[in-house]
Amino acid sequence: ASDVYKRQVPKVLFTDFADSSLNFQLIFTLNDSFETRFVQSDLRFEIDKKFREHNITIPFPQRDVHVFRNKV
């Protein structure tokens with residue numbers, strides 16, 4: 001994103017191992033703090049694009065749903 005401040009190198013922290021994921025945090029400085037939400041969205045879109053280009057999938061929690069019908 002062009003609004004990321006160039007003099008501070010963005011950093012990625014590996015924050016945790018979770019049930020079905022590895023958790024990271026992206027830290028960056030902005031030129032204009034009023035643009036935060038737009039820059040965060042742009043970065044997420046770019047990360048998603050790169051993941052797709054490299055066939056990296058994100059696991060989503062699996063749920064079993066049991067449907068019971070009452071017999072009348």
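If packing is taken as the average number of other Cβ atoms within 10 Å across a peptide's residues, how do 42-51, 10-19 rank, most packed first? Let's see the in-between values first.
On the way: 42-51: 12.1, 10-19: 9.4.
Result, highest mean first: 42-51, 10-19.
With r as the distance between the Cβ atoms of Val72 and Ala18 and R0 = 35 Å, compute the FRET efficiency 1/(1 + (r/R0)^6) and round to 0.05. Please list the in-between numbers first.
Values: r = 44 Å, r/R0 = 1.25.
Efficiency for this residue pair is about 0.20.
Which whole-Hz ³J(HN,Hα) couplings does the stretch 64-71 yield from phi under the Karplus relation 6.51 cos²θ - 1.76 cosθ + 1.60, θ = phi - 60°, glycine and proline marked x?
Once θ is set to phi - 60°, the couplings for the stretch 64-71 become 9, 10, 10, 10, 10, 10, 7, 8 Hz.
Where does the chain land on Rg/Rh, using Cα atoms and the Kirkwood Rh? Kindly include the intermediate steps, with their values, before the conclusion.
Numbers: Rg = 18.9 Å, Rh = 15.5 Å.
With Rh from the inverse mean 1/r over Cα pairs, Rg/Rh is 1.22.
Take the solvent-accessible surface of the protein heavy atoms, probe 1.4 Å, and return the percent of it on the stretch 1-59 that carbon and sulfur atoms account for.
Values: 2910 of 5360 Å².
Its accessible area is 54 percent carbon and sulfur atoms.
Determine the gain in length on full extension of the stretch Phe38-Asn55; use 0.36 nm per residue of separation and subtract their C-alpha separation, reporting nm with one decimal.
Working: separation 17, 0.36 × 17 = 6.12 nm, distance 2.56 nm.
Length difference between fully extended and current span is 3.6 nm.
Please work out the average accessible area per residue across the chain, using the 1.4 Å probe convention, and give it in Å².
102
For Leu30, list long-range residues whose amide hydrogen, built 1.01 Å from N in the peptide plane, is under 5 Å from its own amide hydrogen.
Those qualifying (amide H under 5 Å, at least 5 residues apart or on another chain) are Tyr5.
The values are calculated or read from the model by the stated rules, or taken from the named source; none is laboratory data. Keep in mind that this is a model prediction, so the values were computed, not measured. Neighbour counts are summed over all protein chains in view; Cβ atoms, including those assigned to glycine, are modelled from backbone coordinates with ideal geometry. All accessible areas refer to the heavy atoms of the entire protein, side chains included, with ligands and DNA or RNA removed. Shrake-Rupley method; radii C 1.70, N 1.55, O 1.52, S 1.80 Å.
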